[in-house]
Every structure is written in C-alpha cells, then in structure tokens.
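Presented below is the structure to which this report refers.
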Amino acid sequence: MNMILAVDKNWAIGCDGGLLVHLPGDLKFFKEQTSGKTVIMGRTTMESLPGKKPLPNRENIVMTRQEDFEKDGFKVLKSKEAVLDYVKDIAEDQVFIIGGEQIYKSFLSDADTIYLTKIDAEFKADRYFVNLDEMPEFKVTWESRLQDENGIAYKFYKYERV
C-alpha cells in the first residue's frame with residue numbers, strides 16, 4: 001500500500017480542511033502517481049475535493065464512521081478493517097492513501113511506500129504527519145531535482161519501508 005502527501009518544514013499537511021499551498025507541479029505529480037489506481041481518503045478530505053466530486057480515472061474510497069454517510073461516485077467504508085478487506089485483492093502498488101491526518105495515522109503501519117513532497121517553507125497548519133526522517137523503518141530511495149513555483153522550493157521523495 002502507498003501513501004502520497006505534501007509536507008512543509010514542520011511536517012504539516014493541512015489547515016482548516018484544505019491543503020497548505022497550491023503548487024501545480026505537486027498536483028501534477030499527485031495525478032501522475034494516482035491516476036488509474038484506487039485512492040482512500042477520509043470524509044473531510046473528500047469534502048475538500050473540487051466540487052466534492054470523485055477524482056477522475058480513480059476508484060475513490062471514503063472511510064468514515066458516520067453510519068448514514070453516502071456519496072455518489074465514492075465507495076463508502078466504515079472501518080480500517082473494511083477498507084483492508086475491500087482492497088485485499090488489488091495489487092499493493094495500485095492503492096494510495098491520500099489523507100487526511102487520521103487516515104494517514106491509521107494506515108501508516110500498512111504502507112510500504114510513501115510518495116512525499118517536501119516543501120521548503122512553513123505554513124499555518126492544524127494537521128501534521130509523522131517525521132519520516134526520524135523513523136528507522138523508512139528510508140529515501142529516490143528524490144527529484146529541486147522544483148520552484150511562485151518562489152516556493154520543493155522536492156519529491158520516495159520513502160520505502162526497510
């Protein structure tokens with residue numbers, strides 16, 4: 001199973017239900033990695049999608065504890081166990097956790113690969129990810145050249161479980 005996300009210098013991932021910053025290059029990278037695959041998200045992340053609509057060319061799964069929650073275009077599952085059961089026959093490299101904070105925390109032990117955009121800036125935030133550089137079970141296996149958009153520098157990284 002994969003995860004994909006962007007973090008700032010403090011490992012922040014979001015604020016007020018949205019992304020920290022709009023970086024077209026990061027959004028393109030996200031689309032390239034997840035297109036044609038299965039994406040798993042929490043309800044708040046689903047509600048932050050453009051038009052609250054499913055991401056195109058992907059199977060969209062929402063995990064929520066809300067018993068009566070339903071949304072057209074999304075497979076709604078109520079627990080981590082239900083999600084793992086649902087994706088058990090899908091190749092691991094075809095499944096991506098895309099947020100938010102609680103979903104990342106819940107599935108971190110199941111992820112073998114994490115695609116991470118590290119933004120060389122600090123933003124106002126209320127959601128965070130664990131510092132992978134302090135986790136001996138993960139190591140960087142690839143990194144991109146430095147990117148720059150609107151004066152904001154960032155790099156893409158691939159972390160893999162050792």
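No value in this document is a laboratory result; all are computed from the given coordinates. Here the structure is a predicted model, which means the values were calculated and not measured. As a convention, Cβ positions derive from the backbone with ideal geometry for all residues, glycine included, and neighbour counts pool all protein chains shown.
Under the condition of being polar (S, T, N, Q), more than 10 Å from the chain's Cα centre (by Cα) and outside any helix (DSSP H, G or I), which residue from region 2-49 is nearest to GLU143 (Cα to Cα)?
Looking at the filtered set, the residue picked out is ASN10.
Looking only at region 136-162, filter to residues that are of a type in the set (Phe, Trp, Tyr) and touching a Ser or Thr at 6+ places or on another chain (Cβ under 8 Å); which one of those is surrounded by the fewest Cβ atoms within 10 Å (Cβ to Cβ)?
TYR157
When the residues of region 55-88 are filtered to those that are in a loop (DSSP other than H, G, I, E, B) and hydrophobic (A, V, I, L, M, F, W, C), which remaining residue is surrounded by the fewest Cβ atoms within 10 Å (Cβ to Cβ)?
My answer is PHE69.
Does any residue of region 84-96 turn out to be more than 27 Å from ARG161 (Cβ to Cβ), without any contact (Cβ under 8 Å) to a residue 40 or more places away in the chain, out of contact with any Lys or Arg (no Cβ under 6 Å at 6 or more places or on another chain) and not hydrophobic (A, V, I, L, M, F, W, C)?
no
Take the conditions surrounded by fewer than 13 Cβ atoms within 10 Å (Cβ to Cβ) and under 18 Å from GLU92 (Cα atoms) and apply them to GLU32. Does it pass?
Here the answer is yes, as GLU32 does meet what is asked.
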